[in-house]
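Colleague: Quick one: the structure is below, and I'll ask about it shortly.
The values are calculated or read from the model by the stated rules, or taken from the named source; none is laboratory data. Computed from a predicted structure; not experimentally measured. Note that we place each Cβ from the backbone using ideal geometry, even for glycine, and neighbour counts take in every protein chain shown. To get the accessible areas, we keep the full protein, side chains included, count just its heavy atoms, and leave off ligands, DNA and RNA. Shrake-Rupley method; radii C 1.70, N 1.55, O 1.52, S 1.80 Å.
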Amino acid sequence: GAQLVAQCDDAQLGLAQRQGRVVIDYSSPNVAKRMHVGHLRSTVIGAALHNMTRFAGYEVIADNHIGDWGTQFGKLIVAWRGWLDAAAYEADPIGELQRIYADFEVRAEADPSLADQARHETAKLQAGDPDNRALWRQFIEVSLQEFNTLYARLGIQFDEVLGESAYNDMLQPLVDSLLASGVAQVSDGAVVIPFEDADGPGLAKAPMLIRKRDGAALYPTTDLATVRYRLDRWAPSRIIYVTDTRQQFHFQQVFAACKKLGWTQAELVHCWFGLLSMPEGTMSSRKGNVVNLKDLLDEAARHARALVD
């Protein structure tokens, strides 16, 4: 009894304090889209891990790895110039960006030339076109304003907000270095990291594509660059990724590649969770069948007030 009382009276509840630094990658919404109910799981599970890890004595770096790069921005730029409602954007920036993005997908089914235009605008953006870069930065700014409002409402803070674009300049040099070291190899004009049975179940039949035949890098390339950056900047003992179950095999590949590269200073952990589906199927911003997180929180608040009153 006395031991239990002493444990409860202790500020750390008797928990031995650990040493080390842990990076936790969680939440990670895409720019120019409203956070929806699906983002709640990564956000609150990641925040819970963040709080528990810090309580255990570790130094924690909470990194919100936002989706701020890729082909969706070419689509958005075409839609912006083609059918933006300026008044609607002024009143609700993210809502209007989400509307024109969903509208692009509908229009592109009837007009394939829109997809070609989007690829062209994406290439211009990635090449540094000033007009496209200015639009891209605007999309990021208004998105972060909305994200931060929701994070403040949930009581969640991040130490870093580094999107995919932060690693863009690292990608091609990284692929070249992996080719030079022999870890990666050319396959049918593309660049892959091949695996063997010893690298993990199922990996021998699934080499990891890190550069397409057209020279473009991919998500695995960015995730490898992100690991390298985190190891160099923070020297963590552990890196935790909080995403849904669909990324399990992806991270098995990334972690196996890191092991082949000798990047073993930190334990790499994928904390995954299940999918959340609507009656009509898995939610998709492209299909427009999402429940916005803001609306969910508003509804929860209304129910809570009704119970209190």
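Colleague: Add +1 for every Lys or Arg and -1 for every Asp or Glu among the other residues with Cβ under 13 Å from the Cβ of L171, and state the total.
Modeller: Charge balance in the 13 Å sphere: -1.
Colleague: Need one value: the accessible area of V106 in square angstrom, 1.4 angstrom probe, rounded to the nearest 10.
Modeller: Rounded to the nearest 10, the figure is 100 Å².
Colleague: Using the Karplus curve 6.51 cos²θ - 1.76 cosθ + 1.60 with θ = phi - 60°, what ³J(HN,Hα) values do you get for each residue of the range 220-230, in whole Hz, with x for Gly and Pro?
Modeller: x, 5, 4, 5, 5, 4, 5, 4, 4, 4, 5
Colleague: What's the local net charge at Q253, with K and R +1, D and E -1, over the other residues with C-beta under 10 Å away?
Modeller: Every neighbour counted, the sum reads -2.
Colleague: Now a separate question. Which ³J(HN,Hα) values, rounded to whole Hz and listed in residue order, are derived for the range 90-100 from phi using the Karplus coefficients 6.51, -1.76 and 1.60 in 6.51 cos²θ - 1.76 cosθ + 1.60 with θ = phi - 60°, glycine and proline given as x?
Modeller: 3J(HN,Hα) across the range 90-100, in whole Hz: 4, 7, 8, x, 5, x, 6, 4, 5, 5, 6.
Colleague: Taking the Cα centre of the chain as origin and charging only Cβ (+1 Lys, Arg; -1 Asp, Glu), how large is the dipole, in debye to the nearest 20?
Modeller: For the chain, the charge dipole is close to 420 debye.
Colleague: So, one more: Distances longer than 29 Å among the Cα atoms of the range 139-297: what percent of all pairs is that?
Modeller: 30
Colleague: Continuing with this model, one more query. Considering only DSSP beta bridges with both partners in the chain, what is the antiparallel share in %, to the nearest 5?
Modeller: 35
Colleague: In addition: Of all the stretches in the chain, which is the longest one without any exposed loop site, taking GluC sites (Glu not before Pro) in a DSSP loop (any state but H, G, I, E, B) with at most 10 other Cβ atoms within 10 Å?
Modeller: 1-195
Colleague: What list of ³J(HN,Hα) values in whole Hz, one per residue of the range 111-120 in order, does the Karplus curve 6.51 cos²θ - 1.76 cosθ + 1.60 (θ = phi - 60°) give from phi, with Gly and Pro shown as x?
Modeller: Rounded to whole hertz, the list is 9, x, 5, 5, 5, 5, 4, 5, 5, 5.
Colleague: How far is it, in nm, from the label point at A134 to the one at Q157 when both lie 7 Å from their Cα along the line to the Cβ?
Modeller: Simple spin-label model gives 3.6 nm for this pair.
Colleague: Please find the FRET efficiency linking D188 to A306, where r is the Cβ-Cβ separation and R0 is fixed at 45 Å, and quote it to the nearest 0.05.
Modeller: The pair D188/A306 has a calculated efficiency of 0.15.
Colleague: Once fully extended, how much extra length lies between T71 and Q19, figured as 0.36 nm per residue of separation less the alpha-carbon to alpha-carbon distance?
Modeller: Additional length available on full extension: 14.6 nm.
Colleague: May I pose another question? Over 30 Å between Cα atoms: which of K212/K260; K124/K294; K212/K294 fall into that group?
Modeller: Where the Cα-Cα span goes over 30 Å, the pairs concerned are K124/K294; K212/K294.
Colleague: Counting only DSSP beta bridges with both residues in the range 115-271, what percent are antiparallel, rounded to the nearest 5?
Modeller: The antiparallel fraction comes to roughly 60 percent.
Colleague: Of all the C-alpha pairs in the chain, what % are more than 25 Å from each other?
Modeller: In whole percent, the share of Cα-Cα pairs in the chain beyond 25 Å is 58.
Colleague: Could you do me a favour and compute the accessible area per residue for the range 159-309, 1.4 Å probe, result in Å²?
Modeller: I get 55 Å² per residue for the range 159-309.
Colleague: Give me the percent of accessible area attributable to carbon and sulfur for the range 122-258, probe 1.4 angstrom.
Modeller: Accessible surface attributable to carbon and sulfur in the range 122-258 totals 48 percent.
Colleague: Shifting gears a bit: Over the chain, what is the relative contact order in whole percent, taking alpha-carbon pairs under 8 Å and six or more residues apart?
Modeller: Across the chain, relative contact order equals 22 percent.
Colleague: What does the charge count near D159 come to, summing +1 for each Lys or Arg and -1 for each Asp or Glu among other residues with Cβ under 13 Å from its Cβ?
Modeller: 0
Colleague: Whats the longest run of the chain with zero trypsin sites (Lys or Arg not before Pro) that are DSSP loop and have at most 15 other Cβ atoms within 10 Å?
Modeller: The segment 19-211 is the longest one with no such site.
Colleague: Which whole-number percent gives the relative contact order of the range 36-119, counting Cα pairs below 8 Å spaced six or more residues apart?
Modeller: 30
Colleague: Starting from the amide H of I210, placed 1.01 Å from N in the peptide plane, find each other amide H under 5 Å away whose residue is 5 or more places distant or on another chain.
Modeller: Excluding prolines and chain starts, which carry no amide H, the hits are V191, V192, I193.
Colleague: In deg cm²/dmol and to the nearest 500, what is the mean residue ellipticity at 222 nm of the chain if only DSSP H runs of at least 4 residues count, each as -39500 (n - 2.57), divided by the residue total?
Modeller: Mean residue ellipticity, 222 nm, calculated: -17000 deg cm²/dmol.
Colleague: Evaluate the distance, in nm, between pseudo-label points positioned 7 Å from the Cα of E141 and of E196 along their respective Cα→Cβ axes.
Modeller: It works out to 5.3 nm between the two label points.
Colleague: When the chain is fully extended, how far beyond the present Cα-Cα distance does F249 get from N148, taking 0.36 nm per residue of separation?
Modeller: Working it through step by step, the gained length comes to 33.3 nm.
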